[in-house]
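Student: Here's a structure for you.
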């Protein structure tokens, strides 16, 4: 086994031109496997005699030792690469790592703002300056429709129907959807568009961008992120907040107030319901927290 590992590492260095860090990672992963198998067999193991059952035992040992799922997935990837090499070089006839599936990664609950925090953020842009009116309209629209920042900056004049309170969104995979806009967002957009018309640099027509810079250019996703950072500091809100946090907050608040998950899926433009289900965990967590605070016998 040690000879095969040494040949594999040399192959990575000479033929694949792998980095020192990559080779170090493979060496650590394969050495750990060799040590486990030596202990299991009571002697040094040969690559050809190792079975999928042996590797399942190794993965189980990693779980018991408290390794993160991402670390276990990386070790399995190392084993698959090693055994592909071992098959080509005649060290083994089969790849026992091939049937093994990576552990399903834990899905982190998204960070979101409370309704009070959202209110503080949306009221921070000054309402007596053109750029403040733009920023308030931008934030209101992003939260009101639960938009990705790329969808937000891609909105054109022809996409808005403020009379009906609707906006046409071009999402991932060029999929289009109609999203409703709340009264606050509609009013903020009306105020901004009125001021925007006064600018000489403002392009016109249905393809003109709704949200523009002082020079009349379409805002970029990075410029929106910088703008948000400024208002987070002014409002004293959590600096972990990103433009996507407003989308997370939108979905969480809807579910907390009784919206059904399929409606939220449509509003977010998710292709799969599985993607939307992460917000049900957030909603359940907030309900649990409220229960534990309020119920006299919760703890």
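Student: Would you mind checking the tilt of helix 69-89 against the longest principal axis of the Cα atoms of the chain, expressed as 0 to 90 degrees and rounded to 10?
Tutor: For 69-89 against the chain, the angle is about 50 degrees.
Student: Here's something else I'd like to know. May I ask for the distance between the Cα centers of the stretch 137-202 and the stretch 246-264, given as a whole number of Å?
Tutor: Going from one Cα centre to the other spans 19 Å.
Student: What value in Å³ per residue do you get for the convex hull of the alpha-carbon atoms in the stretch 2-89?
Tutor: Cα-based convex hull of the stretch 2-89, divided per residue, equals 91 Å³.
Student: For a quick protection proxy, order the peptides 80-88, 47-55, 272-280, 171-179 by their average other-Cβ count within 10 Å, most packed first.
Tutor: 80-88, 47-55, 272-280, 171-179
Student: What distance in nm separates the simple spin-label points at residue 131 and residue 38, each placed 7 Å from Cα in the Cβ direction?
Tutor: Result for the modelled spin labels: 6.4 nm.
Student: Still on this model: By how many nm would the segment from residue 48 to residue 294 lengthen if fully extended, with 0.36 nm per residue of separation less the alpha-carbon distance?
Tutor: 82.4 nm
Student: Once every Cα of the stretch 166-212 carries one equal point scatterer and solvent is ignored, give the base-10 log of I(q)/I(0) from the Debye formula at q = 0.14, 0.15, 0.16 Å⁻¹, two decimals.
Tutor: -0.45, -0.51, -0.57
Student: Which shape class, rounded, prolate or oblate, goes with the stretch 1-52 when its Cα gyration tensor gives a ≥ b ≥ c as root eigenvalues, a/c under 1.5 marks rounded, and past that a/b bigger than b/c marks prolate?
Tutor: Prolate, since a/c reaches 1.5 and a/b exceeds b/c.
Student: Would you kindly state how much longer the chain becomes between residue 2 and residue 65 on full extension, computed as 0.36 nm times their sequence separation minus their alpha carbon distance, in nm to one decimal?
Tutor: 20.3 nm
Student: Still on this structure, I have one more. Nearest 10 degrees, 0 to 90: what angle lies between the long axis of helix 20-41 and the longest principal axis of the chain (Cα atoms)?
Tutor: Its long axis makes an angle of about 50 degrees.
Student: Kindly express, to the nearest 10 degrees and within the range 0 to 90, the angle between helix 52-64's C-alpha long axis and the longest C-alpha principal axis of the chain.
Tutor: For 52-64 against the chain, the angle is about 60 degrees.
Student: Still on this model: Treating the chain as a set of equal point scatterers at the Cα positions, no solvent, please give the Debye-formula log₁₀ I(q)/I(0) at q = 0.08 Å⁻¹.
Tutor: -0.58
Readers should treat all values here as calculations from the given coordinates under stated rules, not as data from a laboratory. No experiment lies behind these values; they were computed from the predicted model shown. Cβ: placed from backbone, ideal geometry, glycine included. Neighbour counts: every protein chain shown.
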